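One structure below.
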């Protein structure tokens, strides 16, 4: 987990190691992390992106203090307001949508994506009453048969996914993990 005083190169290097990245993404993140260790401007801009990515506005003073704690007090140079303006301009030219809020309770810079607004509550489709009625009319043995078939299908799918994700695991390890994920408990001995 990232701490506030961590250099952005370390956070980006850790992000590059995540298994869900495509090889190109991994290489780009790793290259940027290496570049950030040598270039304070790149490190400062990466730290600014990381800071603003939390979705809430940050006043200038907070930005200067937080990033200085990560990279070093001298990272902003003689004129922090000018350095911040250059960084914001460069990031905006790169396609990052940074905005400024002047609302009294939310003053500061933020990323327009994610937006400041709370996500809407997901709306679900109306219940399928025909299906519910059909299930109610099934006999208890038929309901059990369908429930067990669904559970068995979920377990088979989880085994396949775990085998793909962890080719070095034994069959026993895959089975135990799959059962824990699907049923919530391990296999009884």
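Here, each number is a calculation from the coordinates, and none is a lab measurement. Everything numeric in this text was worked out from a predicted model, so none of it was measured. Using ideal geometry, Cβ is built from the backbone for each residue, glycine included, and neighbour counts are taken over all protein chains shown.
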Exposure-ranked with fewest Cβ neighbours within 10 Å first, 182, 172, 41 stand as 172, 41, 182
If each part is reduced to its alpha-carbon centroid, segment 150-174 and segment 38-107 end up apart, in Å, by 44 Å
CD proxy at 222 nm, helix term only [per DSSP H run n ≥ 4: -39500 (n - 2.57); per residue of the chain; nearest 500] = -19000 deg cm²/dmol
Taking neighbour Cβ counts within 10 Å as the exposure measure, how do 96, 67 sort from fewest upward?
-> 96, 67
In degrees, nearest ten, helix 23-38 long axis to first principal axis of the chain (Cα) | 30 degrees
Candidates for P(r) over Cα pairs in 5 Å bins from 0, in percent are [x] 1, 6, 10, 11, 12, 10, 8, 8, 8, 9, 7, 5, 3, 1, 0, 0; [y] 1, 7, 15, 20, 21, 18, 11, 5, 2, 0; [z] 1, 7, 15, 19, 19, 15, 9, 5, 3, 3, 2, 1, 0, 0, 0, and the calculated one carries label [x]
Please arrange 66, 106 by counting, for each residue, the other beta carbons lying within 10 Å of its beta carbon, fewest first.
-> 106, 66
Relative packing of 26-39, 158-171, which averages over residues the other C-beta atoms within 10 Å, highest first = 26-39, 158-171
Specify the angular offset, from 0 to 90 degrees and rounded to the nearest 10, of the alpha carbon long axis of helix 40-52 from the longest principal axis of the alpha carbons in the chain.
-> 50 degrees
